[in-house]
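J.: A single structure is presented below for examination.
Computed from the coordinates by the stated procedures, all read-outs in this text should not be read as laboratory data. Quantities reported herein were computed from a predicted structural model and do not represent experimental measurements. Glycine gets a Cβ as well: all are built from the backbone with ideal geometry, and neighbour counts include every protein chain shown.
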Amino acid sequence: MRTPSKAAPKVVPVTAHRYCSIRMPKPPAAELVLTGRRARLVRETAYKWMNGSTLRYAFYAKPARRAGPEAQRDVVRRAFAIWKAQGIGLDFVEVAKPVEADIRIAFDQDPREGSWSAVGTDSLNWDRAAPTMNFGWDLTTDIDTALHEIGHALGFPHEHQNPFAGIVWDEEAVYLSLAKAPNKWSRKKTFDNIIAKIEPDTVQGSRWDPDSIMHYPFEAGLIKKPAKYRQGLTPAGGLSARDIEWVRTFYPSVAAGAVRALAAFQSTPLTLQPGAQADFDFTAPETRDYTVATFGVADTHIALSRDSAVGRQVFAEDDDSGDDRNASVRVALKKGETVRVGVRMRFIEAVGEAAVMVW
Ligand SMILES: [Zn+2]
């Protein structure tokens, strides 16, 4: 008779960290069919906001489960200020009503909620009655979680899912440790937020940055390779040099002199590298409907914005990425009214072979 052999019990690493979980948005249908360089360039700017605009954020006063104490709100406010202090062209302003905000922030402490955020402009597709960001634990000693969720709100994905990172997981150890408290994640949630590699098209650049604010810390026993992280990986904390480099790349500060005037019926060449944005002011010479459009073999995103009591707000936009047509916006303007025309170049065959015109 043979005694059945027992496998040695596997030691599951204890994960003390609580992790953010997000839903990465799918590219729009038109962009799904793209391949090669065009796909890579279009997806690099996916879900990024039009630079120079003001993002409104708001906290909930009710229902009580979504409201957060002032000390927690202050941490989030400080985190917005830290991103802004990197000299970026986006502005952030707090407004009173969540329904009027682009970023709607809840502090629902239900353990099933945890912390998460919509990714960039995908929040515009969400129900306006629902939060786009949640903090599920105390932030007063954890501003990094606030910086991380705002990073998602600016359009940045998880860095530990960067396919260039080359992380080889002890997958079962990851699933088992995340299934335990404090995260209690399903296998699907763990797969989607840790194991799955992001499409190479959608990550920012090709370098892995283990110090990114968008990277989770990991305990010993979860990473097999690179070998130096077998004993765990702890990002440095705060924004890394590359976080700052990338946020300045997509949201450079808008110098007053960089905004050029656009005149009706005059074609203005766009000498933009993919990812870059040009800004123009157009003052309507008479009251009527105007069309703003781009020309050339290019994918562009046009956004018209104007000043308001809560900063510069986009009021009309069009994006022709993945379509064989030109971005075009038609708006009614009053004589003497000035609007800002922002053009983000998402893809172009040859730099310089595109133009913008108002008529
Ligand atoms: Zn996250």
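J.: Can you tell which of Y57, Y229, Y175 shows the greatest fluctuation in a Gaussian network model of the chain with Cα springs below 10 Å?
T.: Y229
J.: Set Lys and Arg Cβ to +1 and Asp and Glu Cβ to -1, take the dipole of the chain about its Cα centre, and tell me which of G237, S308, I103 lies farthest positive.
T.: Farthest along the dipole direction, towards plus: G237.
J.: Sticking with this structure for a sec: Where does each of T140, T300, T294 land when they are ranked from fewest to most other beta-carbon atoms within 10 angstrom?
T.: T140, T294, T300
J.: A further question on this structure: If you line up the Cα atoms of the range 35-191 on their principal axes, what length do they span on each, largest first, in Å?
T.: 45, 42, 29
J.: Nearest 0.05, what FRET efficiency do A16 and A261 give at R0 = 45 Å with Cβ-Cβ as r?
T.: Calculated transfer efficiency: 0.20.
J.: Exactly which GluC sites (Glu not before Pro) in the range 143-188 are in a DSSP loop and have at most 12 other Cβ atoms within 10 Å?
T.: Counting only loop positions with at most 12 other Cβ atoms within 10 Å, none of the GluC sites (Glu not before Pro) in the range 143-188 qualifies.
J.: Quick one: net charge around G136, please, counting Lys, Arg +1 and Asp, Glu -1 for every other residue with C-beta under 9 Å from its C-beta.
T.: Result for the neighbourhood of G136: -1.
J.: Using a Gaussian network model of the chain whose springs link C-alpha atoms within less than 10 Å, name the residue from L41, L333, L304 with the highest mean-square fluctuation.
T.: Comparing L41, L333, L304 in a Gaussian network model of the chain, the most mobile one is L333.
J.: Between V297 and R207, take the C-beta separation as r, use R0 = 30 Å, and let me know the FRET efficiency to the nearest 0.05.
T.: 0.50
J.: Along the charge dipole of the chain, Cβ charges K/R +1 and D/E -1, which of G136, N326, F164 sits furthest on the positive end?
T.: G136
J.: Also: Once every DSSP H run of n ≥ 4 in the chain is given -39500 (n - 2.57) and the sum is divided by its residues, what mean residue ellipticity at 222 nm do you get, rounded to the nearest 500 deg cm²/dmol?
T.: Only helices count here, giving -5000 deg cm²/dmol.
J.: In percent, how large is the relative contact order of the chain, given Cα pairs closer than 8 Å and 6 or more residues apart?
T.: Value for the chain: 19 percent.
J.: Rg and Dmax of the chain over Cα atoms: what are they, in angstrom?
T.: Over the chain's Cα set, Rg and Dmax evaluate to 22.7, 98 Å.
J.: Where Lys and Arg each count +1 and Asp and Glu each count -1, what net charge lies around W116 among other residues with Cβ under 14 Å from its Cβ?
T.: 0
J.: I would also like to ask the following. Among K228, K48, K184, which comes first, then next, by fewest other beta-carbon atoms within 10 Å?
T.: K228, K184, K48
J.: Given a Förster distance of 35 Å, report the FRET efficiency between T35 and E317 from their Cβ-Cβ distance, rounded to the nearest 0.05.
T.: About 0.85, to the nearest 0.05.
J.: How long are the three semi-axes of the equivalent ellipsoid for the range 256-358, computed from the Cα gyration tensor as the root of 5 times each eigenvalue, in whole Å, largest first?
T.: Gyration-tensor ellipsoid for the range 256-358: 22, 14, 13 Å.
J.: Something else now. Filter the cross-link list K26/K48; K26/K188; K26/K225 down to pairs whose alpha-carbon distance in this structure exceeds 19 Å.
T.: Violating the 19 Å limit, Cα to Cα: K26/K225.
J.: Let me ask something else. Quick one: if you stick a label point 7 Å off each Cα along the C-beta vector at A64 and E349, how many nm between them?
T.: So the label points at A64 and E349 sit 6.4 nm apart.
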